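Here's the structure we're looking at; comments come further down.
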Amino acid sequence: MKRLLLVLLSFTSIAFADDVLRTINVIGRGSMVIKPDTVVISTGVDSGDPVIGVALEENNKIMTGITQGLADLGIESDDIETNNYNVYLYRPYNDDDKNKEEYRVSNSITINIKKLELVDTVIDTIITLGANKINGIYFTFENSDIYENNLREKAIKDAREKAEFLASLEGMKVKRVISIAEEGIAIQNPITNYAYSMAESRPKGPISSGVEEIKRSFNVLYEIVPK
């Protein structure tokens, strides 16, 4: 009876071990190198005057001219967006400058340029028409979604290959996917942001977009079983 009990216990232990869920967790990555098709310029006009009406009128006049100048270049109104408009009273900290109080108006817009050959012309135009700040210039994609499925397919395929290889090293094989978690998208480009103040001279030469590398990754958990 004692011997039989030991045998039963041994088989129970083996059966329990076979029910253990064995898993392997890997990161799958997919990437593509793409040339951007859209340039985004953040620019604006800062103006000031002791009389608030004068400050507003001056700022609005300059910004209206810039908007018209962009329209003349073929930039559609939907591609010009106001992202900041601020009016405030500036008071100098120095008592000697109390008479220099003035109302300041700051108006910033974002311009989406879909014809890359117009970038330099647009910059020269807005500066000529009175823009006195350029907050940044960066390159992007008008329809980045068209690359998403391709990146996902590459990343999941990469995850599967990694899992199968690692499992095979231990005499195992991949049975099924337990979970998939998307870790987001990363865009890398050494020329993604470019800014200068009107106090600096306009940089010479064309602004080039170069290429951007888009990366997407997934965290995938697989069940593995003996071969």
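Pairs to check: LYS162/LYS227; LYS114/LYS157; LYS35/LYS162; LYS100/LYS133; LYS61/LYS100. Give those whose C-alpha atoms are more than 27 Å from each other in this structure. Kindly include the intermediate steps, with their values, before the conclusion.
Working: LYS162/LYS227 17 Å; LYS114/LYS157 33 Å; LYS35/LYS162 29 Å; LYS100/LYS133 22 Å; LYS61/LYS100 23 Å.
Listed pairs above 27 Å: LYS114/LYS157; LYS35/LYS162.
With the contact rule set at Cα under 8 Å and sequence spacing of 6 or more, what percent relative contact order holds for segment 38-140? Working shown, then result.
Numbers: 185 pairs, mean separation 52.4, N = 103.
Computed over segment 38-140, the figure is 51 percent.
Give the residue list of chymotrypsin sites (Phe, Trp or Tyr not before Pro) in segment 61-157 that are DSSP loop and have at most 16 other beta-carbon atoms within 10 angstrom.
On the way: sites: TYR85, TYR88, TYR90, TYR93, TYR103, TYR138, PHE139, PHE141, TYR147; in loops: TYR93, PHE141.
Counting only loop positions with at most 16 other Cβ atoms within 10 Å, the chymotrypsin sites (Phe, Trp or Tyr not before Pro) in segment 61-157 are TYR93, PHE141.
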Checklist line | Cα principal axis extents for segment 38-140, largest first, Å | finding: 50, 23, 20
Next item on the list: Step through the residues of segment 138-148 one at a time and calculate ³J(HN,Hα) from phi using the Karplus curve (6.51 cos²θ - 1.76 cosθ + 1.60, θ = phi - 60°), rounding each to whole Hz and writing x for Gly and Pro.
Entry: 9, 10, 8, 10, 5, 10, 5, 4, 5, 9, 4
Notebook entry, point to check: Within a Cβ distance under 9 Å of ALA55, other residues only, what is the Lys/Arg minus Asp/Glu net charge?
Noted result: -3
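A short reminder: the numbers here are calculations on the coordinates, not readings from a lab. Not measured: the values here are computed from a predicted model. Neighbour counts run over all protein chains shown; Cβ positions are idealised from the backbone, glycine included.
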